[in-house]
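The values are calculated or read from the model by the stated rules, or taken from the named source; none is laboratory data. Because the structure is predicted, anything quoted here is derived from the model rather than measured. Glycine gets a Cβ as well: all are built from the backbone with ideal geometry, and neighbour counts include every protein chain shown. Quick note on the areas: whole protein, heavy atoms, side chains included, nothing else; ligands and nucleic acids left out. Shrake-Rupley method; radii C 1.70, N 1.55, O 1.52, S 1.80 Å.
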Amino acid sequence: ESGCGKTTLLNILAGFQKPSSGQIKLDDEVLTTPDARRAVVFQDHALLPWLNVSENIGFALQLKGLKEQHIHQQVESILKIVGLSHVAQANIWELSGGMKQRVGIARALANHPKILLCDEATSALDPQTTKSVLALLKKINKEQNITIVMVTHEMDVIESVCDYVAVMEAGKVIETGPT
């Protein structure tokens with residue numbers, strides 16, 4: 001339910017927030033800050049409106065200092081994965097909500113993360129677009145071998161894509177298990 005701590009947990013996993021107790025480990029390493037092994041897909045897509053689709057996806061790669069040709073190759077590859085090659089040069093404001101969310105997913109994939117953290121990534125989408133985005137996430141999980149952690153209160157999302165579920169209440173995990 002809303003307010004139970006889902007986003008707080010995701011922020012802790014991402015390294016944006018410190019846990020009040022315990023620790024987060026990845027490959028036996030305690031995580032205390034954000035790093036490229038974890039990428040976040042935000043509920044509101046959080047794209048940079050002054051950049052086009054390709055520029056939004058390649059932005060993090062530019063910050064890493066990669067050469068323009070290498071950035072272009074990676075962006076083209078990611079655009080194919082998310083099915084947006086046809087809008088590579090489009091302005092963000094020209095896209096539908098579902099396309100914006102795919103750009104957000106593509107941007108998250110740019111650093112080749114081990115874990116993709118999705119914060120209610122389909123809550124603002126209509127049912128048909130939700131199905132499409134969830135199918136894309138399942139494809140990414142399978143083909144790119146990326147673990148996806150998804151926080152949601154939407155039971156249909158949980159039932160359609162999740163292998164394992166942790167139920168939260170009042171900031172605590174109260175139940176876990178396979179779906």
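What shape does region 1-103 have by the C-alpha gyration tensor, where a ≥ b ≥ c are the square roots of the eigenvalues, rounded means a/c under 1.5, and otherwise prolate means a/b greater than b/c and oblate the rest?
oblate
Give me the percent relative contact order of the chain, please, defined on Cα pairs under 8 angstrom at least 6 residues apart.
It comes to 27 percent, rounded to a whole number.
Rounded, prolate or oblate, given the Cα gyration tensor of region 51-140, with a/c below 1.5 counting as rounded?
Prolate, since a/c reaches 1.5 and a/b exceeds b/c.
What FRET efficiency would be calculated for the residue pair L51, N111, taking the C-beta separation as r and a Förster radius of 22 Å, to the nearest 0.05?
According to the calculation, E is roughly 0.85.
Considering only protein heavy atoms and a probe of 1.4 Å, how much of the accessible area of region 59-110 is carbon and sulfur, as a whole percent?
54 percent
Only loop residues by DSSP count here, and only those with at most 10 other Cβ atoms within 10 Å; note down the GluC sites (Glu not before Pro) in region 1-82 that meet that.
E1
For region 40-179, what is the accessible area per residue in Å², given a 1.4 Å probe and the full set of protein chains?
It amounts to 56 Å² per residue over region 40-179.
Could you give the length gained on full extension between H153 and T33, defined as 0.36 nm per residue of separation minus the Cα-Cα distance, in nm?
Extra length from H153 to T33 when fully extended: 40.6 nm.
In region 21-135, what % of DSSP beta bridges are antiparallel (nearest 5)?
50 percent
Using a cut-off of 14 Å between beta-carbons, work out the net charge of the residues near E94 (Lys and Arg +1, Asp and Glu -1, E94 not included).
So the surrounding residues net to +1.
Cα gyration tensor of region 8-54, axes a ≥ b ≥ c as square roots of the eigenvalues: rounded (a/c below 1.5), prolate (a/b > b/c) or oblate?
In terms of gyration-tensor shape, prolate.
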